[in-house]
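Notes follow once the structure below has been shown.
The values are calculated or read from the model by the stated rules, or taken from the named source; none is laboratory data. Just so you know, these numbers come straight off a predicted model, no measurement behind them. FYI the Cβ positions are ideal-geometry reconstructions off the backbone, even for glycines, and counts take in every protein chain you see. Surface areas here come from the heavy atoms of the whole protein model, side chains and all, with no ligands, DNA or RNA. Shrake-Rupley method; radii C 1.70, N 1.55, O 1.52, S 1.80 Å.
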Amino acid sequence: MRILVGVLLGSSAALAAYTLLRVRKHEQNSSWHAGLPVFKLKNANGMEVHISVFGAAILKMLVPDKRGSRADVVLGYQTVAEYETASPTTYFGVIVGRVANRIAGASFSLGGAEYRLLANDGANALHGGLKGLHKRVWEGRLVHGEDWDAVQLHYTSPEGEEGYPGTLHVSVTYRLSKRENSLATIITATTDEPTPVNIAQHSYFNLGGHASGTVLGHRLRLHGGDHFTPVGPNLIPTGDITPVKGTPFDFTDPDPERPRWPLHSVGERIEQVPGAAPGGYDHNFVLFGMGPQARIIVKDGVASDRPKLAATLVDPASGRAMDLATTAPGVQFYSGNFLDGSTVGKGGVRYQKHAGLCLETQGFPDAIHQPAFPSVVLQPQDTYRHELVYTFYNLEDGPAKAGAGAK
């Protein structure tokens, strides 16, 4: 496996912050001009991942198809500057938190105190605020194992940042396997005061390649995702945990003729999803068949001690497939509804509606207000831990046998 770290020309202060980086090899890349390191991991199977210290973002993810042709399967910007300044914020590939997803009313009570957050989604707080973890510069270094190589990133969120209590020490490790096309993400955090923590990885996937059009023809299966958390106005959960059977939210079934293929495509029933414009999926699914018992089963924010299979995504056109495994109790399936062609991404591509989709493993949205949901409050004596693994492969029965289910 080759590991490259791009250290770019820029402000001396930005570079000085990273003098602890142990760089085996570096190269310049003039398109990333912010003066911050860009880590590049590559294995012998042709998978390559580019990671920025800004927002701990996955910038690129190159994955081969069965013919060996590689495509960048995540949406993103051309420059780090755009991750800082883009409006509206898309959260392409970044780590979001302290609390991913929405907190109703941008406030909560904890330990007898009331905390006011910065509202950045109407009256609500979204993905940690205006300058959450996604807009912070992290410290980074390379770490190596027998079967993997990795980038390890750290950030300390001071007490009161974006309105949250306690000082939070966060670590994110991106670990690329040498043996298979598998990228693990390990997120940990500790605090010195009780505080809500729900940190997520926010990559947008298009397995045909980021510039290949929409994901409406991708097929999706959510393993054990037989319940979801319905939302009301402004995408705030109602507090209910509802069965998906018989609704457009049912992505639990495999194709009966090809068991490795999910039955339903993303676009097959998307017009049936209730809600205001722009429509589409932006909902949390309860994983592993836990349903309403999730509050009892989940301990310290963890549904499983080891990552379990949560989702399978297949692009019939390219034959690329991805399994997502996680320790988290939920996954937010977002179908890229707010992309509208105004966002210009890598290579000058304009990302249209549904150009990519997110599968954000997480605790449940607005859990701080919902007694029926598993708690997201981290105590000082505990360590928050959230693992997820993306594993890519190619289906032998490929695009010629994609079937009528894809749109």
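Here are a few things to note about the model shown:
- Computed 3J(HN,Hα) for the range 70-87, one whole-Hz value per residue from the Karplus formula 6.51 cos²θ - 1.76 cosθ + 1.60 where θ = phi - 60°, is 8, 9, 7, 9, 10, 6, x, 9, 7, 10, 4, 4, 5, 5, 7, 10, 4, 9, glycine and proline marked x.
- Charge tally around residue 374: other residues with Cβ under 11 Å, Lys/Arg +1 each, Asp/Glu -1 each, net +1.
- Taking a straight Cα-Cα cut-off under 15 Å and skipping sequence neighbours fewer than 8 places away in the same chain, the aspartates and glutamates within cross-link reach of residue 66 are 180, 315, 396, 397.
- Over 27 Å (Cα to Cα) - which of 131/245; 60/353; 40/346; 135/353; 245/308 fall in this group: 131/245
- Taking a sphere under 10 Å around the Cβ of residue 392 and counting the other residues whose Cβ falls inside, with K and R at +1 and D and E at -1, yields a net charge of -2.
- Cβ-based charge dipole, the chain, positive-most Cα from 367, 292, 266: 266
- Once exposed loop GluC sites (Glu not before Pro) are cut out (DSSP; at most 14 other Cβ, 10 Å), longest piece of the chain: 258-395
- Fraction of accessible area attributable to carbon and sulfur, the range 175-300 (%, probe 1.4 Å): 50
- Less than 5 angstrom separates the built amide H of residue 228 from those of 242, 244, 286, all sequence-distant by 5 or more or on a different chain.
- Only helical runs count toward this figure. For the chain, summing -39,500 (n - 2.57) over DSSP H runs of n ≥ 4 and dividing by all residues gives -500 deg cm²/dmol at 222 nm.
- Largest first, the three principal axis extents of the alpha carbons in the range 38-394 are 59, 48, 40 Å in whole numbers.
- Anisotropy class of the range 232-382 from Cα gyration tensor, a/c 1.5 cut: prolate
- Shape of the range 177-271, Cα gyration tensor, a/c cut at 1.5: oblate
- Think of a 1.4 Å ball rolled over the protein heavy atoms: the chain then has 39 Å² of accessible area per residue.
- Projected onto planes of every orientation and averaged, the convex hull of the alpha-carbon atoms in the range 113-175 covers 5.3 nm².
- Förster-model FRET efficiency, 41 Å R0, residue 352 and residue 147, C-beta, rounded to 0.05: 0.55
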